[in-house]
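**Student:** Here it is: the structure, laid out below.
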Amino acid sequence: MSSFLNNLEWRFATKSFDKTKRVKSNDLNQILEAIRMAPTSFGIQPFQIYVVKDQKLKDKLKLNSFLQPQVSDCSHLLVFCEDTDIKNKIKAYIKESGKGKGLKDKVSLKASQARVTAWLSGLSKEQANNWAKNQTYITLGFALAACAELRVDSCPMEGFISNSVNKILKLPKSQNSVAFLALGYRADEPKSKKVRLSKSVLFTNI
């Protein structure tokens with residue numbers, strides 16, 4: 001646990017990336033696996049992650065991200081998108097869960113599908129969108145932690161024009177970009193010490 005906390009202390013929101021350094025495929029795959037394994041409500045995973053490697057595409061996204069340099073200078077840009085086509089996500093989850101299962105288990109899974117679908121139908125469109133977005137942000141946190149463990153620098157970002165990003169990436173109507181995560185290696189060390197509120201301020205024992 002001490003190494004994990006040390007790695008969290010090491011990480012910072014990297015604004016200046018070394019454009020000559022690329023994240024290794026093995027490290028990238030481990031970060032993506034951390035995202036895939038992140039906990040989500042019902043295990044439904046109502047999100048889609050786009051891994052942007054193409055430089056021209058990163059440059060285009062930068063123009064719609066208030067010219068923030070890390071968007072184009074990073075090795076890889078992960079675009080986290082909520083996916084509000086939740087019914088199809090539920091079907092995919094049930095299908096995956098049923099692989100190799102017998103008839104009895106498949107019947108039980110169908111019952112679970114009906115329960116989750118019924119819960120979903122009770123949500124307003126806004127509530128469903130907020131739920132999907134919240135699940136997406138959980139995965140972003142796991143990606144940040146994985147980057148720190150691998151000593152891959154990262155910068156989470158919300159400063160972009162979502163509608164424009166959606167068009168550039170040609171997202172389906174059910175998907176909406178909510179966050180970027182720039183990956184790579186720092187060009188400079190942090191210029192100031194990391195500041196966090198004390199435990200006495202953040203935590204309340206009751």
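No value in this document is a laboratory result; all are computed from the given coordinates. If you're wondering where the values come from, they're calculated on a predicted model, not measured in any experiment. Here Cβ is always computed from backbone atoms with ideal geometry, including for glycine, and neighbour counts include all displayed protein chains.
**Student:** Can you tell me the orientation of helix 125-150 relative to the chain, as the angle in degrees between its alpha-carbon axis and the longest Cα principal axis, to the nearest 10?
**Tutor:** On a 0 to 90 degree scale, this one is about 50.
**Student:** Here's a follow-up. Local charge sum around Lys170 (other residues, Cβ-Cβ under 15 Å, Lys/Arg +1, Asp/Glu -1)?
**Tutor:** Numbers: positive: Lys56, Lys60, Lys167, Lys173; negative: Asp54, Asp83.
Every neighbour counted, the sum reads +2.
**Student:** Please state the charge dipole magnitude for the chain, taken about the Cα centre, from unit charges on C-beta atoms (+1 on K and R, -1 on D and E), reported in debye and rounded to the nearest 20. Before the final figure, lay out each step's value.
**Tutor:** Details: 34 positive and 18 negative charges, 96 e Å.
With Lys and Arg at +1 and Asp and Glu at -1, about 460 debye.
**Student:** Would you calculate the separation in nanometres between label points at Ile138 and Asn88, each defined as 7 Å from the Cα along the Cα-to-beta-carbon direction?
**Tutor:** Here the modelled spin labels are 2.2 nm apart.
**Student:** Explain nothing, just the number: relative contact order of the chain, from Cα pairs under 8 Å at least 6 residues apart, as a whole percent. Please list the in-between numbers first.
**Tutor:** Details: 285 pairs, mean separation 75.3, N = 206.
Computed over the chain, the figure is 37 percent.
**Student:** In addition: At 0.36 nm per residue, minus the direct Cα-Cα distance, what do Glu189 and Gln30 gain on full extension? Give it in nm, one decimal, please.
**Tutor:** Details: separation 159, 0.36 × 159 = 57.24 nm, distance 2.43 nm.
Taking Glu189 through Gln30 to full extension adds about 54.8 nm, to one decimal.
**Student:** Here's another thing I want to ask about it. Taking the Cα atoms of the chain alone, what are Rg (to one decimal) and Dmax (as a whole number) in Å?
**Tutor:** 19.2, 60
**Student:** Which value at 222 nm does the chain reach when only helices count, each DSSP H run of 4 or more adding -39,500 (n - 2.57), with the total divided by all residues and rounded to the nearest 500 deg cm²/dmol? Could you put the intermediate results ahead of the total?
**Tutor:** Numbers: 9 runs with 103 residues, N = 206.
Dividing the helical sum by the residues of the chain leaves -15500 deg cm²/dmol.
**Student:** On a 0 to 90° scale, report how tilted helix 25-37 is relative to the longest principal axis of the chain, with both axes built from alpha carbons and the result rounded to the nearest 10.
**Tutor:** That works out to roughly 40 degrees.
**Student:** Something else about it: Starting from the amide H of Val52, placed 1.01 Å from N in the peptide plane, find each other amide H under 5 Å away whose residue is 5 or more places distant or on another chain.
**Tutor:** So Val52 has HN proximity to Leu77, Leu78, Val79.
**Student:** How would you order 114-123, 192-201, 63-72, 145-154 from highest to lowest mean count of nearby Cβ atoms within 10 Å? Numbers along the way, then the final one.
**Tutor:** Working: 114-123: 12.6, 192-201: 7.3, 63-72: 17.5, 145-154: 21.1.
Top of the packing list down: 145-154, 63-72, 114-123, 192-201.
**Student:** Okay, next question. Relative to the longest principal axis of the C-alpha atoms of the chain, give the angle of the C-alpha long axis of helix 86-97, reported between 0 and 90° and rounded to the nearest 10°.
**Tutor:** Once rounded, one gets 80 degrees.
**Student:** Based on the mean of other Cβ atoms within 10 Å per residue, sort peptides 180-187, 18-25 so the most packed one is first. Please list the in-between numbers first.
**Tutor:** Numbers: 180-187: 21.9, 18-25: 13.9.
Highest mean packing first, the order is 180-187, 18-25.
**Student:** Using every Cα-Cα pair within the range 22-121, state what percent have a distance larger than 18 Å.
**Tutor:** Working: 3012 of 4950 pairs.
Considering the range 22-121, 61 percent of its Cα-Cα pairs are separated by more than 18 Å.
**Student:** Moving on to the next point. State, to one decimal in nm, how far the label point of Gln55 lies from the label point of Val107, with both points 7 Å from Cα in the Cβ direction.
**Tutor:** 6.1
**Student:** Short version: ³J(HN,Hα) in whole Hz for each residue of the range 11-24, in order, from phi by Karplus 6.51 cos²θ - 1.76 cosθ + 1.60 (θ = phi - 60°), x for Gly and Pro, what are they?
**Tutor:** 6, 8, 6, 6, 9, 10, 9, 6, 5, 8, 9, 10, 6, 5
**Student:** Applying the Karplus parametrisation 6.51 cos²θ - 1.76 cosθ + 1.60 with θ = phi - 60° to the phi angles of the range 193-198, what ³J(HN,Hα) value in whole Hz is obtained for each residue in order, glycine and proline being reported as x?
**Tutor:** These are the phi-based 3J(HN,Hα) values: 6, 5, 10, 9, 5, 6 Hz.
**Student:** Under 1.5 on a/c is rounded, so check that first for the range 1-55, then, if it is not, pick prolate when a/b is larger than b/c and oblate when it is not; a ≥ b ≥ c are the square roots of the alpha carbon gyration tensor eigenvalues. Show your work: numbers first, answer last.
**Tutor:** Details: a/c = 2.12, a/b = 1.19, b/c = 1.78.
Because a/c hits 1.5 or more and a/b fails to exceed b/c, the range 1-55 counts as oblate.
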